[in-house]
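The values are calculated or read from the model by the stated rules, or taken from the named source; none is laboratory data. Note that this is a predicted model, so its numbers are computed, not measured. Heads up, the Cβs are rebuilt from the backbone with ideal geometry, glycines too, and the neighbour counts pull from every protein chain shown.
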Amino acid sequence: MSAPPVSSMVPRGIHPPSAVRPDQPVEASSGTGNDECITKLRERSLRPAPRVYPALKSPAVHGKEVEIQTNVYGIDLLKDNEIFQYAVNIKADVSPTKEVVFTKKGKEDFVVLDRHKKCCSILSYAVEHHGEFFQPEYNSLVFDGQSMLYSTVDLFKNQPEGVTRSRTFQINGADIRVTPDSKDLEKLPCIKLEVFPTRNPAIMFSRENIRRRGADANIEAINNGYHQILELALNQACIQDFTRCIVFEHGKLFFLRPREEGFLPEDCVDVGDGKQMMPGIKKTVQFIEGPRGRGKSNPSVVIDGMKVAFHKEQLVIEKLREITKNVSNPLSDAERERCAAVMKGLDCYSEYQGRIHHVTIEGIHHQTASQSRFEVDGGQTTVADYFMNRYKIRLQFPNANLLLCKTRGNVNYFPMECMTISPNQRVQISQLTSQQSQLTTKESAVLPDVRQRIIATGKHAARISSDNDILKSLGIEITESPLMVKARQFPSVKLASNQSLPVKDNKWRFNNYLRPAAPPQVWALYAVGTERSRFTNQKLGEFGKEFVKTCNSKGIRLSPPAEFCCVMAQDIENRLILASKSNCKFVFIITDDSITNLHQKYKVYENAHGVITQDMKMSKALSVLEGKRLTLENVVNKTNVKLGGSNYIFADSKKMLDGTLVIGIGVSQPPPGTQHIAGKKGELNPTVVGYSYNGKDKQEFIGDFMLCPSGQDTIPVIDDIVQDSIDGYKKWHNDQPPNEIIVYRTGASDGSHGNVMAYEIPLARFVLQSQQKKDIRLVYITVSKDHTFRFFKSDLNSLTGTSETMSQVSGPTGRSFASSARAKPWDLNIPPGVSIDTSVTNPAIKQFFLNSHITLQGTAKTPLYSVLMDDTDSSMEKLEDLTFQLCHLHQVVGLSTSVPTPLYVANEYAKRGRNLWVEAITQNPVQRGDGPEGPLLKELTKHINYKGTTLFDRRVNA
């Protein structure tokens, strides 16, 4: 019998229904980040819940007290100011039919920074020459570099009643002192700068008001104006000094000449293809309890060091030389595709026309300057001849491919040697090769002592200090030293076997499994490669024997594979389908490292046919044959979990999980820039929500994923997730629901807490109220690593000072930092079990930081836990203790994870769902309809998730 066609591997026949309509249409709220949840609430006649945080509890007291150094600097206000807010609009006519608006928002780095420079130059000129309006001699102005201006003086105070409160200034661009790269302002004879009040009332900017507003548990009572003013005030020195600094969104600051600011050569590593790492800082204003603890509120600035890859300002031909040495001859199709991927979307400029002319790179033309011809003056000429005749430029590389660039809505051709990459453009993920991505990640993951140096250097360079004249004028004072806090070091977790886990690195070994899986009666072993692969049937057989031997030593009574053989890459899909027809329930696949497009296809096959798959890189398999036992043990650990076994559990001596359903919820948003993939705005590209729960056993987590509309702050499928989790729990608990449900939810920023409380949690509660047991208690916790806080050992300098290889580096403030190239990350970072629930936490939120994991590289990123709902009124000690325990159920390796296992597993399901969706729409793209996406995506979810398959009760993503 011939093998079935490859197309049969599409997951369970994903074919969208011809007509799916909601019960009710989305009403006026449609278009917000919560419209899907709001629609569901209306369908159930539910009202949004109050946006009020649960009551605070006293800090935890168990464990040992330890002192921790932070990257938090206190802010104090030494005087009161009344702050007035104004909108700014700057525009100019560049031709009789075209107007340019400098205050218009942009997305591309070059466009944003270029507009910032121009806006700052124009406003600065206006302030200097129109002092009667701006009153700079006793007014403090705070400008965001675009369209928002704060003033300590009411600029329209003396204006008569009934007169429009607006002022427009006409400025000749030739009068403005501009930087060399902004000279195009000189050609604008009439620039119009309009200033007018916003609808927001004036704010009394005082110490008392800021502290009171920051500590209010009612989110709707908080005035975000205080936060915004502080953020901009701390940015002013860099926004105004744009010849020295680069200011991006979300408090990211970089410096044009980092070596002159005190940064070191190793902070500016070249990563290839005309890209270079640049140091900087990311800062956020946070309201914290401060050193006086509960009931207090203090503004602070949290500063983190960072390294980001930027494109070098260089000729495009030189960038091409760094990508591929072939610049004198036409590129092959493969080379052209690779080079275009690195440069697409970048801004570049030319000067050969006697002025600076900016264009956007769209791609690389298949023809060269000596080949490409076009019509001019009634005849035809090549690009090379045109440049010689028109501009007297003899091209050095006439056989180099031409650039395709967008200018004025048209795509034109330009010689690469005549174009220069514009400065200060960050490298996008899509512009990195796999090797460069690894290198940039490695360079960004700096050890704690290096991060402290970058923070101190960046803080000084950004003038975030009390000697800043702008801050002085506003009465803002910044502490020079970071805040020290008291933390708790929890005792080590014990396994059910009472084996105590080492405190130092929190690693442990487990020789015997808690519950070995029932082995499959039929399984197969394949090596997938190319003609150049270094694997043979003999090696595959040896690996199979080692794998079976290790499984048996762990209690999995696995027989030899029913079939093992080497398979060419193009044949493996059909081979897998034949295996499933032979009642094969487990397939172990060893794939050549050079083959990167098959892993997701294996998972499509797994999903479609209910066959567990285990994929392993060929290099790893070869290392096993060379004696690396730990690698094989980890693979067997994964196999046991996937087949339904359990490797270990912790000793729950306090019975914290009795009658408790724990749900983890992870979110995978569409990749940046791909919400409308490939520019096809009619194609769906949803958010994927993964979830896991302990329905089968108290410490074993299984799960699935669902699709929902993108662009939502809240999770509209939360009711379905909670219902599925309760049903799964009842299935294994005699049809009895749990007493309480604890949700760990990721993907919610501080700014979306109110929406989650108002729209998402009521949907979850609705499910609980429909159960036979009416008093199920709910605890809802958001988990975030997307914050700026960092925590360091208080004795970090003495630890680094004992290193064999050490050099003393002096920061710009004179402070000495010990740099240790050989120190291990786990020795320099705070250890697992460190919890902080006071001082640096938000004064309005039941909140704690918990560092539960060993840091294997760089500086620890400690997750932040915010409690948005707590029917149990749990103590901080109980919540922190349970969370720490739940971080010890990874199963695959003897290490704790940075987030609780239910959330870790949920995040993996979200990734798996994203990959299955991508594979599915590659076979059969799904178009958007006219109605809401929710019902359509709910129907599509059934075609690609695990519910209803034999894998639903398995942790298939171990």
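Restricting attention to the stretch 521-533, the residues being in contact with a Cys (Cβ under 8 Å, 6 or more places away or on another chain) and more than 18 Å from Ile590 (Cβ to Cβ) number 1.
Taken over the stretch 582-622, residues that are more than 23 Å from Phe535 (Cα to Cα) and of a type in the set (Phe, Trp, Tyr) amount to 1. Of all residues in the stretch 829-841, one or more are among the hydroxyl-bearing types (Ser, Thr, Tyr), in contact with a Pro (Cβ under 7 Å, 6 or more places away or on another chain) and at pLDDT 85 or above. Among the residues of the stretch 538-571, how many are under 21 Å from Tyr602 (Cα atoms) and out of contact with any helix residue (DSSP H, G or I) (no Cβ under 9 Å at 6 or more places or on another chain)? Total satisfying the criteria: 5. Considering the stretch 40-108, the qualifying strands (runs of 3 or more DSSP E), each wholly inside and each with 2 or more residues that are without any contact (Cβ under 8 Å) to a residue 12 or more places away in the chain and out of contact with any helix residue (DSSP H, G or I) (no Cβ under 9 Å at 6 or more places or on another chain), run over 98-101. Checking Thr440, Thr382 one by one, the residue that is under 21 Å from the mean Cα position of the chain (by Cα) and among the polar types (S, T, N, Q) is Thr440 and no other.
Residues of the stretch 335-360 that are within 22 Å of Ser430 (Cα to Cα) and either among the polar types (S, T, N, Q) or out of contact with any strand residue (DSSP E or B) (no Cβ under 8 Å at 6 or more places or on another chain) (or both): Glu335, Glu337, Arg338, Ala341, Val342, Thr360. Taken over the stretch 360-377, residues that are within 13 Å of Pro415 (Cα to Cα) and of a type in the set (Val, Ile, Thr) amount to 3. Looking only at the stretch 61-90, residues that are of a type outside the set (A, V, I, L, M) and buried (at least 16 other Cβ atoms within 10 Å of the Cβ) come to 11 in all. Return yes when Leu895 is under 30 Å from Pro825 (Cβ atoms) and modelled with pLDDT under 95 and no when it is not. Spelling it out, Leu895 is indeed under 30 Å from Pro825 (Cβ atoms) and modelled with pLDDT under 95. Among the residues of the stretch 910-958, which ones are over 18 Å from Pro671 (Cα atoms) and among the polar types (S, T, N, Q)? Passing the criteria: Gln923, Asn924, Gln927, Thr941, Asn945, Thr949, Thr950, Asn957. The residues listed here are Lys628, Lys655; of these, the one that is within 30 Å of Ser874 (Cα to Cα) and without any contact (Cβ under 8 Å) to a residue 12 or more places away in the chain is Lys655. Considering (1) under 21 Å from Lys325 (Cα atoms); (2) out of contact with any His (no Cβ under 7 Å at 6 or more places or on another chain); (3) in contact (Cβ under 8 Å) with a residue 12 or more places away in the chain, the lone condition that Cys405 does not fulfil carries the number (1). Here the condition is being more than 19 Å from Tyr693 (Cβ to Cβ) and either of a type in the set (Asp, Glu) or under 18 Å from the mean Cα position of the chain (by Cα) (or both); of Leu903, Leu864, it holds for Leu864 alone. Looking only at the stretch 737-781, count how many residues are part of a helix (DSSP H, G or I) and not polar (S, T, N, Q). Selection size over the stretch 737-781: 17.
Filter the stretch 904-919 down to the residues that are surrounded by 21 or more Cβ atoms within 10 Å (Cβ to Cβ) and of a type in the set (A, V, I, L, M), then identify the one that is farthest from Cys887 (Cα to Cα). That would be Leu916.
Restricting to the stretch 187-212, count the residues that are in contact with a helix residue (DSSP H, G or I) (Cβ under 6 Å, 6 or more places away or on another chain) and farther than 25 Å from Leu123 by Cβ.
Total meeting the criteria: 1.
When the stretch 580-631 is limited to residues that are of a type in the set (Lys, Arg) and closer than 19 Å to Leu558 by Cβ, the one that is surrounded by the most Cβ atoms within 10 Å (Cβ to Cβ) turns out to be Lys585. Of the residues Asn412, Asn399, the single one that is part of a loop (DSSP other than H, G, I, E, B) and touching a strand residue (DSSP E or B) at 6+ places or on another chain (Cβ under 9 Å) is Asn399.
Scanning the stretch 260-272 for residues that are charged (D, E, K, R) and in contact with a helix residue (DSSP H, G or I) (Cβ under 7 Å, 6 or more places away or on another chain) returns Glu261, Asp267. Between Lys307, Lys312, the distinction of being touching a residue at least 24 places away in the same chain (Cβ under 8 Å), surrounded by fewer than 18 Cβ atoms within 10 Å (Cβ to Cβ) and under 25 Å from the mean Cα position of the chain (by Cα) belongs to Lys312 only.
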